[in-house]
Amino acid sequence: MKVLLTGAAGQLGQALRSSCPPDLELIATSRDELDLSKVEACRAAVERHRPDWVLNAGAYTAVDRAEEEPDLAHAVNGGAPRAFAEAIQQQGGRLLQLSTDFVFNGRQGSPYRVEQPRDPLGVYGASKARGEEAIEAVLADNGQATVLRTSWVMGPVGRNFALTMLRLHRERDQLGVVADQVGCPSSTLNLAAACWRVISSRAEQPPVLHWCDSGAASWYDVSVAVGELAAELGMIERPASVRPIRTEDYPTPAQRPAYSLLDCCSSREQLELDGQHWRQALRAVLSAIPPC
């Protein structure tokens, strides 16, 4: 089986490459090799490689900068999925599209189910929702696509909240971190395993799945846990003191959902994968950080 992977140099892409099942032929492409903002390049990649699966892990993920670059965000997050879907419709194969909790507005106060309607708050969420809608419009009737939504992705490489907090715990004595936004981290190690389970499974997959680690947390909770776990692992001498703050005390260009927890129960049952608690997953992420 041949898999065309986008975003291979990103934090999830690297986890996918290192955990790829040996019986799969992986064609790993980074931004330099496949520019997701260019529709024709996306179509051409499918036509050239004729993969059994396109695993679209590449994305425009700069949530705040998207407010200033809406055209680029929509080109990458909305245009590329449509291009892949249209090429697959013509050439055959299947598409696994990574999406986000940011397609929801975060106002309901309970975990979001896979079938709930999208209602994004900002450009980033709207661009990812546009990608989902394009895939549904092109491939919904023939079961050739699965959208896998995830949240708060954190891994041992790349740029993410956990690595930023680890650096700040090393550099500062005190931190102020938002405590009124709730969701759940997703370890790239566990998320990659879920992606490969979708592709390797012989069972027919539903059009939308949710995957994140188990439990719930605020950004404040994660920051505190990073400090505690890093100290336990001998990565820092002692954690900084973390002070909970409100969203309004830390204004950002993009509005973020206050509660974006994903209901993963049906997806875990479908994939036959147990969810690891986010704190255990975070420990594994920190333990896997490459030595300097």
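Just so you know, all these numbers are worked out from the coordinates, no wet-lab data involved. Please read all numbers here as calculations on a predicted model, not as lab measurements. Heads up, the Cβs are rebuilt from the backbone with ideal geometry, glycines too, and the neighbour counts pull from every protein chain shown.
Taking all pairs of different Cα atoms in the chain, averaging 1/r and flipping that mean, what Kirkwood radius in angstroms comes out?
Working: mean 1/r = 0.0517 Å⁻¹.
Its Kirkwood hydrodynamic radius stands at 19.3 Å.
Using the basic label-point model (7 angstrom from Cα toward the beta carbon), what is the residue 269 to residue 41 distance in nanometres?
4.2
From the C-alpha coordinates alone, can you work out the Kirkwood hydrodynamic radius of the range 195-292, in Å?
16.3
State the volume of the convex hull built on the alpha-carbon positions of the range 1-158, expressed per residue in Å³ and rounded to an integer. Please list the in-between numbers first.
On the way: hull volume 18.6 nm³, N = 158.
That works out to 118 Å³ per residue.
Counting only residues 5 or more places away or on other chains, whose amide H sits under 5 Å from the amide H of residue 145 once H atoms are built in the peptide plane?
95
Principal axis extents for the range 112-223, Cα atoms only, whole Å, descending order, please.
55, 31, 23
Kirkwood Rh and Cα-based Rg: tell me the resulting Rg over Rh for the range 1-90, rounded to two decimals.
Values: Rg = 13.1 Å, Rh = 13.3 Å.
A ratio of 0.98.
Each residue of the range 92-106 in turn: what ³J(HN,Hα) in whole Hz from Karplus with 6.51, -1.76, 1.60 and θ = phi - 60°, glycine and Pro shown as x?
x, x, 9, 10, 10, 9, 7, 10, 9, 5, 6, 6, 10, 8, x
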